[in-house]
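Worksheet: the structure to be examined is printed underneath.
The values are calculated or read from the model by the stated rules, or taken from the named source; none is laboratory data. Everything numeric here is computed off the predicted structure, so don't read it as measured data. Reconstructed Cβ throughout: ideal geometry from the backbone, glycine too, with neighbour counts over all protein chains shown. Side chains are part of the model used for accessible areas, which takes the heavy atoms of the whole protein and leaves out ligands, DNA and RNA. Shrake-Rupley method; radii C 1.70, N 1.55, O 1.52, S 1.80 Å.
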Amino acid sequence: MLVGIPQGLLYWNYGDIIKSFLNELHIEFIESPRTNRNILDKGVNCCVDDACLPVKIFHGHVDWLKDKCDFIMAPRVMQLKKGEFICPKFCGITEMIKNSIDGLPPLPEEPLYALSEKQRHQWFLYIGELFGQKRKKIYEAYLKAMEENGRHILGFNEDNYEHKIALLGHPYNIYDTYCNMDVKKKFNKQGIGVITEDYVDSNLVDREVDRLFKKPFWTFARKNFGTAAVLYKQKQVDGFVYVSSFACGIDSVVIELVKEVIGTFPFMTLKIDEHTGEAGINTRIEAFSDMLKRRSANNGHKLSAFG
Ligand code: SF4
């Protein structure tokens, strides 16, 4: 049994847990490579046109893996936290893949509700039993895998630059450097450091979200909005950059919520899809960086924000 792990979507959050679980059970796995032109082209060719870029990229990873493994670890994630929901694309990812890609090996069918210890364990039990493992061994592997959770901090908090921006967006848009054309490196080249949501106190994030008249119930929307509000109030950054997938309904709501809180403070949206050109991104980053530096040189005098 060789399990294929696609390096897309929630791989950035939960890839280490899955790998640790499989390692504990001595089940071999293969990962698709980091996103590249070939993966993107595969995804664009097989996925429905109106899907967002990260979903297309995920299709590309699955397509790359399909002839190289016996099972593809593409969980159908339904809910991560009580009272919150996740984008419907995650809930329907299994059907999307099955209807778009021919010749697939089996995928996990059981939905994953990660709201409680019991539910998480249930799902891992389902996966372990699919691979013919004993319940006791599965439980031990599950406990080991959960130890991975939180051990590895994904994000950045760079203090060794004169200026700093908060990089907002869904994890797969922030950490997949092919998908976002390595926007962090581009800011670093301009002498600007980056902080991401992983370095912001989650209690403060929750408190900011709770202040809203109507609370957003999407898990990633809450995090992005709350992170922006905390960093703005703590005066920790010189500006905000939101990496947003074209056609993402959740992003369009969160961006407006963030703008509402920060007012005319510098904010830039970088919309990405498979047609986004690097030259255009470079120009916008350079212009935004220049504006931040001039603004700071003018002792905080507010210049116009970028929309
Ligand atoms: S939240 Fe937006 S970017 Fe993420 S999968 Fe859903 S539509 Fe795509």
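Rounded to the nearest 10 square angstrom, Val237 shows an accessible area of 10 square angstrom against a 1.4 Å probe.
With the Kirkwood sum run over all distinct C-alpha pairs, the chain has a hydrodynamic radius of 20.5 Å. Among Gly128, Gly103, Gly191, the largest mean-square fluctuation in a Gaussian network model of the chain (Cα springs under 10 Å) belongs to Gly103. When DSSP beta bridges are restricted to pairs lying wholly in the chain, around 5% turn out antiparallel.
Ligands, DNA and RNA left out, the 1.4 Å accessible surface of the chain is 51% carbon and sulfur atoms.
Over all alpha-carbon pairs in the range 2-148, figure out the percentage whose distance exceeds 22 Å. Looking at the range 2-148, the distances longer than 22 Å represent 37 percent of pairs. Summing +1 for each Lys or Arg and -1 for each Asp or Glu among the other residues whose beta-carbon sits under 11 angstrom from that of Asn45 gives -2.
Per residue, the chain exposes an accessible area of 47 Å² to a 1.4 Å probe, with every protein chain left in place.
With a cut-off of 18 Å, note down the residues of the range 46-80 whose backbone N falls inside the zone around a label point 7 Å from the Cα of Ser116 toward its beta carbon. Backbone N within reach: 78-80. Compared with the dominant principal axis of the Cα atoms in the chain, helix 135-148 is inclined by about 10°.
Could you tell me how many degrees, from 0 to 90 and to the nearest 10, lie between the Cα long axis of helix 37-46 and the main elongation axis, the longest principal axis, of the Cα atoms of the chain? It works out to around 70 degrees. Among Gln119, Gln79, Gln234, the residue with the largest mean-square fluctuation in a Gaussian network model of the chain, with springs joining Cα atoms closer than 10 Å, is Gln234.
Ordering Glu274, Glu162, Glu147 by accessible surface, largest first, gives Glu162, Glu147, Glu274; the 1.4 Å probe counts only protein heavy atoms, with every chain in place. Share of pairwise Cα-Cα distances greater than 27 Å in the range 163-297 is 14 percent (whole percent).
Taken along the Cα-to-beta-carbon direction at a fixed 7 Å, the label points for Glu129 and Thr283 span 5.8 nm.
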